[in-house]
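As structure tokens, the structure follows; a few thoughts come after it.
The values are calculated or read from the model by the stated rules, or taken from the named source; none is laboratory data. Predicted model only: the values in this text are computed from it and were never measured. When we count neighbours, we look across all protein chains shown, and the Cβ atoms used for this are built from the backbone with ideal geometry, even at glycine. In case anyone asks, the SASA skips ligands and DNA or RNA and just uses the protein heavy atoms, side chains included. Shrake-Rupley method; radii C 1.70, N 1.55, O 1.52, S 1.80 Å.
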Amino acid sequence: MNFYKSAALALDHLDKNQGSVKGSLAASGIKSTPGEGKRILALVIETLKYKPVLLQLLTTVPLLSLEKLTFPRKVPRSAPSSQSLLLVLLHDLLFSTKNKIEASDLWPPKPAVLKHQARLKAELVKIQIKLGKSRKEDLARSNNPSGDSPIEIIRYIRYNPNSGKKLKDLFQHLHKLGYEKLDQPIYPIPPKNYFLDIHLKDVLLTFQGNTNWWLKDEWYEKGGIILQDKASCMPAKVLMEGWEANEGECIDATAAPGNKTSYVSAMMSNRGKLHAFERSPNRYNTLIRMLEKAHCRNVKAQRADFLESDPNNEVYSKVTRILLDPSCSGSGIVNRLDYLVENEAEESDSKSERLEKLASFQLQMILHAFKFTSVKRIVYSTCSIHPEEDERVVMSALQSKIAKERGWKLAPRDQVIPSWERRGREEEMGGDKDLAQGVIRCLPEDKTNGFFVSCFIRDPSGLSVKSNASSKSSTIKSKSNKRDRDETEDDQGGEQGESDSISALESKVEVVKGIEEIEVEMNKEKTQAQLERNKRKKAAQKDKAKKRKVE
């Protein structure tokens, strides 16, 4: 089955069952290699972005009627609907970077669509004029689920000094490609312009969201640059605040896919030792590829569970800093695009139970990190916007017995990117303004993914929970149940919205800031439940039909 049929089947499943895009790919029974899966995923998401316009085109150019032999109303059970197949074909013909249908000329749907190519393009221009859009790309749905005001999509590109190349050489390279460096940030970012980010000005370049100059470019292919969202860079930046070359070693407790790991490695000047843990075999392989591409020579990667590491092992006696970016709900990742499916609100009980399990696992990670005797600084981050996984986990950690015994406190604002304006929610931190100011929150309106960053330190300058503070965090319990850890494995957050291996076709999904292994599937359980209900419903209908025959 070609990938157009697979993408169309996924669209059909979304129409019938709702759920997440990634979950629908799995639930619709599509079998593909990881590379093919990413390609199909990219096409589905892009088609959803332009679906209203494509449906309008099918009204003015009624291909379902004009080519009804090729696109019949009724199709075999295992085949995609004619409408969904037309949607993915029209997307590639009209909106893809190549503007063509990538299939054999002998495949009947291709010539059937190309026969009407001139009329389709003419009608598309009419729609653009009617809507007042200067570019056809502006016809895509807004990335703002509320629909109030569009959120500008930004492409962040991190310079990687580990590659041995100089930042000024990157500037010269971009100049040759026709890009002009701006001295100050300007939004919306003009075409062919870029500037250095004001918070990470030594490494982070900011471009328009649809920028793709890096495709097949030597700087990208050889690890001179890394595609990484700004918010995802912040945990590593906070972790390495005040780092000195001879201080000791570091740990990245959940390292894959490796973007944060490579950034920490670069801030260590590729010297010393950085222990990188990853328990998943597949994600471990991704980590190894990333570290090799990013020229990280000081990283010792191991396929192991950080929770099973021995804090008293002599191997970690020199570790002074730990980065914790554990599994989370991924609710802050704007590239999930599940709102395009217009799915129903997740059942509150199911959502609360899921968040409770995640929070327990996250707290367990922090408490384990507290046990490393030589560690002085721990950064805990999530790509979640839920307080259950953010402020409440931090409060529980601060009030834990081991935190009090070993002197763990929350780092004040001046140690946690003080120039970043959006801070924690006071009401979730016992009404303590200082504690809330000590953590970072990012939201899509900040031109980043939703993110949360906190930092624990063992220092007199740290902040403690006041004895009269009221908090909702007391309900969080740390569990050492392996099953709970396994259940949260599917909810990998952090860098799951990032990519170091985006193919040319995947680059069409510019709205996603890079899509390496988009595995955040909060609606997966719901989709499976719906399938089970449908099976039971069909079985009941069959039973009724049999009874009628008997009567």
Solvent-accessible area per residue for segment 154-227 (1.4 angstrom probe, square angstrom): 48
Accessible surface of segment 230-333 [probe 1.4 Å, protein heavy atoms]: carbon and sulfur percent: 40
Sequence-separation-based contact order of segment 3-139, relative, with Cα cut under 8 Å and 6+ spacing, percent: 25
By average C-beta atoms within 10 angstrom, highest first, the peptides 80-93, 197-210, 436-449: 80-93, 436-449, 197-210
Two-site FRET efficiency, residue 246 against residue 103, from Cβ-Cβ distance with R₀ of 56 Å, rounded to 0.05: 0.40
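Given the pairs 166/293; 136/216; 38/115; 16/49, which span a C-alpha to C-alpha distance of over 28 angstrom in this model?
On the way: 166/293 17 Å; 136/216 25 Å; 38/115 30 Å; 16/49 18 Å.
Over 28 Å apart, Cα to Cα: 38/115.
Based on the mean of other beta carbon atoms within 10 Å per residue, what is the order of 213-220, 224-231, most packed first? Show your work: numbers first, answer last.
On the way: 213-220: 15.4, 224-231: 25.5.
So the peptides 213-220, 224-231, ranked by packing, come out 224-231, 213-220.
Given contacts defined as C-alpha pairs under 8 Å and at least six residues apart, what's the relative contact order of segment 167-278, whole-number percent?
Details: 103 pairs, mean separation 17.9, N = 112.
Reported relative contact order: 16 percent.
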Mean-position separation - Cα centroids, segment 100-121 and segment 205-239, in angstrom: 36
Distribution of pairwise C-alpha distances over segment 3-139, 5 Å bins, in %: 2, 10, 20, 23, 21, 14, 8, 2, 0
Rounded percent of accessible protein surface that carbon and sulfur make up, segment 375-433, 1.4 Å probe: 46
Solvent-accessible heavy-atom area per residue, rounded to whole Å², over segment 3-139 at 1.4 Å: 49
Protein accessible area in segment 154-227, 1.4 Å probe - carbon and sulfur %: 51
